[in-house]
Each structure stands twice: as structure tokens, then as C-alpha cells.
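Report on the following structure.
Just so it is clear, none of the values below were taken in a lab; they were calculated from the coordinates. Fair warning: this is a prediction, and the values are worked out from it, not measured in the lab. Here the Cβ is made from the backbone with ideal geometry for all residues, glycine too, and neighbour counts use every protein chain on show.
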Ligand code: UGA
């Protein structure tokens, strides 16, 4: 990705007369970020959710999710009156020029995305929208969903436009206000232009296309990135076997603009609420049209194999200590840094794998809470987790872990092995303190 442009400033938007009334349905990561950022751009936004507890929190300026910069923006925009929250969907949509669908599309039993939240809401709003309202599919939906929504609405005066999000958890606000591109898929040119107009002032390429292509762009982008990381993780394993240094190898690749310099960091495997769900959905969709995307299928398998291999590495290092009940400190629970999200986190998968063989595990994460299904001792600090540990494994790339001090780690740990799955530590500095940093694919 190129250098980020500075966020938009208010003044610009006061000069723009095309400010609109928008209803955003759903206040998850996507809905909350979308609604707040659209209000930041000057629009009048009402965010709708049926979770009253969540709405209560939002009304008092507390966010149900952790997202950098978002709480400040929500509080600021609530004060201006341009951002409001309600459970009254019918009232919210009755005055809206644009209705953004930001509803959950979890993975269904068959791998396909489960569209029940969308279909239920669209049926409720059908026939209740103002003429010329544009319904915008924002959250990730299967190809043809714009047509499905259009058919469910069954209202020729209303248009449906696909406008997929490309927001990363942890940098969602910045990604919204400084996007790499804005994708708009519309059957109707004027409707597409009206959606593009909502983003006026944001400098970014705008890809205007048909709805099916827009929906496909989202899936292909996530699948390609997941595939890239699976490739990098396999490359790390290869480097391990031949004695190459994976970070040097990736640096060597990064200068080739055809490859690109980002998303080349090996790790414990990819996870989160998007890549796993979206790759599975793409695989299911591709099979259903008899055009299997075998590369994506393989990326999913390779990812699980890699997660298992990381767990196996920690197991063998723990066994190699010779301690009968080794204490293993695990640093990180979330699927990546700057988020408290543990959905499909490789860290959780690895911990569960270790639990089948070891009892003395302790975990620390600065933000993520332990998911209900995981029973594990929790340390309040990283120091507490490492105290007396025979082996430490870093599973999430939190910046605090980057700053681990070799001398203090030495005095805390009983053993001397740190498995750094995120390539945060300078192994030479640690080896001076008789600490062995293990990084897959590095000497
Ligand atoms: C991803 C996409 O990056 C967004 O563009 C997209 O909008 C979003 O999904 C979505 O569909 O809503 P996100 O799930 O927040 O965003 O996470 P990423 O930052 O993409 O990371 C995904 C996984 O890849 C994480 O487990 C991360 O640790 C891993 N990763 C990423 C690596 O192992 N190495 C890398 O170099 C980059």
C-alpha cells in the first residue's frame, strides 16, 4: 500500500452542499465505522441496531468494540448531533436517502455466507422507503446479493448499489477516510454516482462497475491476501529447511512492484472475522458454479497446516526442556495486534492444541478477553506470564512484546526458549543473555 493521505478536514465538507440523510443498519465493526465516518464527512447519520444494551453503551459514548480512534470520533459526532443511535429501524429509514446494510453475514453450515440477517431486515423495510432511496450493500455479501436485495425490496423506485468495505480491524477509521480505492457496483449509473458523491472530498481511485463485479472484488481481494500470507508462511517453512532467512527473502521480494511490499510478514497463520469466513464462502460459491478455486482451497489447508506446525514446534520445544510439567507462557490471544478480536485467532487454535498435552499454560493479552470456550490461566501482565516459564511463545504482534528486555526476560524465565511466531525480537540481543529465540525460517 502506498503512503497514506492525511485524513479529511472539516472545512472541506462545509463547502460541499451535498450532505445527505443516511441510515446505517447494524452497528458492528463495519456499521459503526461506516456510520461514524460518514457523519465525519458531514452527513446526517442514524445508526440502527436491535441490541438495546449496545445502543445504551453507544448513547453514553462507550463502544462495544475496540477500534483505534473510533470512540473519540463517535463522542465528537454525537455532540454535533450528526450521529445518532436508535433501535427504531422504521423511523430511521423513513427519512433516509441512503440505507447502508452493515449486517452480519457469518459462515453458514455449508460454507456459504448466512444471509438471514440481511433478508430479514430487507423484507421489513420493503415498501417503506422513500422514492429514490439507495440501499447500499456495505458488509461482505455473496455475489448476486445486490440482485437478491433488489428483488426482495421489489420497488422500482429504489436502487441497490454494492459498495464493499475494505476496513482492517485496528485501522478501520483510517482505512475509511483514506481508502486505497472505493468500489461501487451499480446497475444504474445515477445511483452509482450518488453513492460516489457521498465520498466527495476523499482522494482515492473510484472503481465503478456492475454489482456482481463489485461483490467479486471484495472476495477476490481477501482471498488473494490470504493466499499471499499462506505462501509467505510456506516460504518460511522452506527457508527453515534450507537455511535461508525468510525475512531477508521477503525483503528481496518486496522491491518487485509486481509482488508488492506489504502482507509479506510470516506469522502463526491468518485468522480473524474476515479471511476465514470469506475464503470459505468464495470456495463454496466457486464450487456451486462449477469453477472451483483450488488455489484458495489450498491456501485454507496450508493455513491450518501452518497453525498445526506452529503448535507442534511449541510442543517439541516444551518437551525438549526435559521438565516434567513445563510451564508455557503464551503472549497474545487476539488474531492480530490493535484489536481485541479473538474470532478465528490462530493463537486460540494453538493454545487448544497445546492443552491436549500440557497443563501448565498461562496467557497474557493486553486487550483481548479470554473467549468463553477457552479455559486457561490468565496473567495480568506479560511479566507475570513469563515468571518461571520454561518456554514463552509470542502469538500476537503487540508492540509491548517487541519491547521485551532480554535481561528482564532472563531474570523472569526458568527456561531459555522464546518462540517468536511474529518475528518481533532481535535474536542476537537475546542470545547474549543465554535466551534462544526461535523464529521459523530464520537461522
Ligand atoms: C481484512 C482485510 O485486510 C481488509 O481489507 C478487509 O476489509 C477485512 O479483512 C474485511 O473483510 O472486513 P482484517 O481481518 O482486519 O482485514 O485483518 P488483516 O489485517 O488483513 O489480517 C488478517 C490476518 O492476516 C491476521 O491474522 C494477520 O495476523 C495476518 N497477517 C497479515 C499476517 O500473518 N502477515 C501479514 O503480513 C499480514
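Below are the figures for this structure:
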read-out: Exposure proxy order (Cβ contacts within 10 Å, fewest to most) of 90, 293, 220; value: 90, 220, 293
read-out: The stretch 72-139 and the stretch 388-422: distance between their alpha carbon centers, rounded to Å; value: 44
read-out: Debye log10 I(q)/I(0) for the stretch 211-443, one point scatterer per Cα, at q = 0.13 Å⁻¹; value: -0.79
read-out: Residues in the stretch 130-150 that a label on residue 21 would reach, taking backbone N under 17 Å of a point 7 Å out along Cα→Cβ; value: 130-136
read-out: Estimated inter-spin distance, residue 381 and residue 180, nm [label 7 Å along Cα→Cβ]; value: 3.9
read-out: Relative contact order of the chain, defined on C-alpha pairs under 8 angstrom at six or more residues apart (%); value: 12
read-out: Rule-of-thumb Rg ratio for the stretch 195-332 [Cα; 2.2 N^0.38 Å; N residues]; value: 1.35
read-out: Potential lengthening between residue 407 and residue 123 on full extension [0.36 nm per residue; Cα-Cα distance subtracted]; value: 96.0 nm
read-out: Dimensions (Å) - the chain, Cα atoms, principal axes, largest first; value: 73, 49, 40
read-out: Efficiency of FRET between residue 212 and residue 352 - r from beta-carbon atoms, R0 45 angstrom, step 0.05; value: 0.70
read-out: Counting DSSP beta bridges with both ends in the chain, the antiparallel % (nearest 5); value: 5
read-out: Cα-based helix-to-principal-axis angle, 189-198 vs the chain, degrees rounded to 10; value: 60
read-out: Segments 203-211, 189-197, 223-231 sorted - mean Cβ within 10 Å per residue, highest first; value: 223-231, 189-197, 203-211
read-out: Separation of the residue 414 and residue 56 label points, Cα + 7 Å toward Cβ, nm; value: 4.6
read-out: Ordering of 251-264, 97-110, 162-175 by burial proxy (mean other Cβ atoms within 10 Å per residue, highest first); value: 162-175, 97-110, 251-264
read-out: Degrees separating the helix 275-288 axis from the principal Cα axis of the chain, which is the longest one; value: 60
read-out: Expected 222 nm ellipticity per residue - DSSP helices of 4 or more, -39500 (n - 2.57), all of the chain, to 500; value: -13000 deg cm²/dmol
read-out: Residue 203-residue 171 FRET efficiency (beta carbon distance; Förster radius 22 Å; 0.05 resolution); value: 0.80
read-out: Segment residue 90-residue 443, extension gain: residue separation times 0.36 nm, minus the distance between their alpha carbons; value: 121.0 nm
read-out: Length-normalised contact order of the stretch 211-443 in % [C-alpha pairs under 8 Å, at least 6 apart]; value: 21
